[in-house]
Structures are given as structure tokens and as C-alpha cells.
Amino acid sequence: MNTSEATAIAIEESDARRKAPPAAPARFPFFLRKTGADGGWQRGVALFEFILRLCAIAATLVAAVTMGTTNETLPFFTEFFQFHANYADLPALTFFVVANAIAAGYLVLSLPFSLAIMVRPRAIGPRLLLFICDTVMLALTTAAASAAAAIVYLAHNGDDKANWIAICLRFDGFCQRISGAVVASFIAVVFFMVLVVMSALVMRKH
């Protein structure tokens, strides 16, 4: 092979390499696909959201367990009546227990998605899913806490127009426990509000 033939072959190989299509970039599932370069502040926000979820789990569990174990019987009774107070006697308080238990279960299931956001802070899929579910849980816990708060108010103050007496004059332990449960649920509501607002702001930055 002479020099001219070797030069021609080299030129052809160079042209072939130049015309070869570039290697396709690695593709991730749509829910882990990045929208741009990694950002440090998004990872910090994701870590803070993860901590908020742990705190919200504690608040909803305390609310559900405290209300669900509330029971008081007065030490005196008559021939026909025994004075007894239980959360299950009031549908609003039963709804409160169920709603907070659902919220606690959801928060536990949301932790893997929150970790996925920490690993890939610009992944839009998991954040959008959590934003929607957090909004639903915010509405649920707010409704439950508000309904229970109305019952707690009547238990403490009664209603003269409806001829309802304030049962907390007798059932002091019962009222203290349901009041604490309602406070814990409203704390969980605040955590959900912060999570929803933070998710909305982060998605707006994408």
C-alpha cells in the first residue's frame, strides 16, 4: 500500500467518525428526569421537607392516639345512669381519629418519595405527586381539627341557647386529652401548610 492510498483511508475513517451520530444520553424514568443542572439549595429544601414530614408524623400520631384512647367514667352513678365519656360517642371525634390516622399513614408512605427528591432535587415527578397529596391531606386534617375544635369548645363552654351544658366541669380528664389532641392536629396542619407552600415555590423555580 503506497502513501497516497494510506492517506485516503485515513481521511475516510476521519470522515466516518465525524459523521457518526453522538451517543444518546442516558434516559431516566419521567418521574426522575432532571430539568437542569443540580442545585444545592434544592437539596437543602428537600432535607428540610423530610424533617418536616417526620415532625408531622409525630404530630398526627399523637393526635390520633391521644383522642383514640380518651375515655373517662365518673366515680359515681345512679340506679339507671352511669356517667361515661368516650370519643366514639361523638362522630366528629371519630372522624378526627380516622383522618389523623390516614394522614400519619400517608406521611410514612411519602418518606421514600421525599428521599428520592433529596437524591435528585430537580426531579419534578415526585415533587408534583407529593404536592398534590399534601394538599389533600392538608384539607383533610384541617377539616378534622376544625370539627373536633368545635366539640372541644362546646365541652368547655356549653351553649345556653341549645341548652347544652359544659361537660368539662365533670369530665376534666376527658377534656384535657381531647384538647391536647386537637392542638397536636393543628400543629400537623401547620406542617402541611409549610410543605405545600415550599413545594409550590420550588416548582415555580423550575
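Worth a mention:
- FRET efficiency for the pair residue 119 and residue 65, taken as 1/(1 + (r/R0)^6) with r the Cβ-Cβ distance and R0 = 22 Å, rounds to 0.10.
- Accessible-area ranking of 160, 89, largest first, probe 1.4 Å: 160, 89
- Using every pair of distinct Cα positions in the stretch 103-160, the Kirkwood expression returns a hydrodynamic radius of 13.6 angstrom.
- Inverse of mean 1/r across different Cα pairs in the stretch 78-206, Kirkwood, Å: 16.8
- Computed from the C-beta positions of residue 131 and residue 98 and an R0 of 25 Å, the FRET efficiency is 0.60 to the nearest 0.05.
- Distribution of pairwise C-alpha distances over the stretch 148-206, 10 Å bins, in %: 21, 31, 20, 15, 10, 2
- Residue 190 - accessible surface, heavy atoms, 1.4 Å probe, Å² rounded to 10: 80
- Between the beta carbons of residue 146 and residue 47, assuming R0 = 35 Å, the FRET efficiency works out to 0.65 to the nearest 0.05.
- Taking θ as phi - 60° and the Karplus parameters 6.51, -1.76 and 1.60, the scalar couplings of the stretch 110-127 work out to 7, 4, x, 5, 5, 5, 4, 5, 5, 5, 10, x, 9, 6, 7, x, x, 5 Hz in sequence order, x denoting glycine and proline.
- Model label points for residue 111 and residue 200, set 7 angstrom from Cα along the Cα-to-Cβ axis, are 2.8 nm apart.
- Accessible area of residue 193 (1.4 Å probe, protein heavy atoms only, ligands and nucleic acids ignored): about 100 Å².
The values are calculated or read from the model by the stated rules, or taken from the named source; none is laboratory data. The model shown is predicted, which means the values in this text are computed figures rather than measured ones. All Cβ positions, glycine included, derive from the backbone under ideal geometry; neighbour counts span all protein chains shown. Heavy atoms of the whole protein, side chains included, go into the accessibility calculation; ligands, DNA and RNA do not. Shrake-Rupley method; radii C 1.70, N 1.55, O 1.52, S 1.80 Å.
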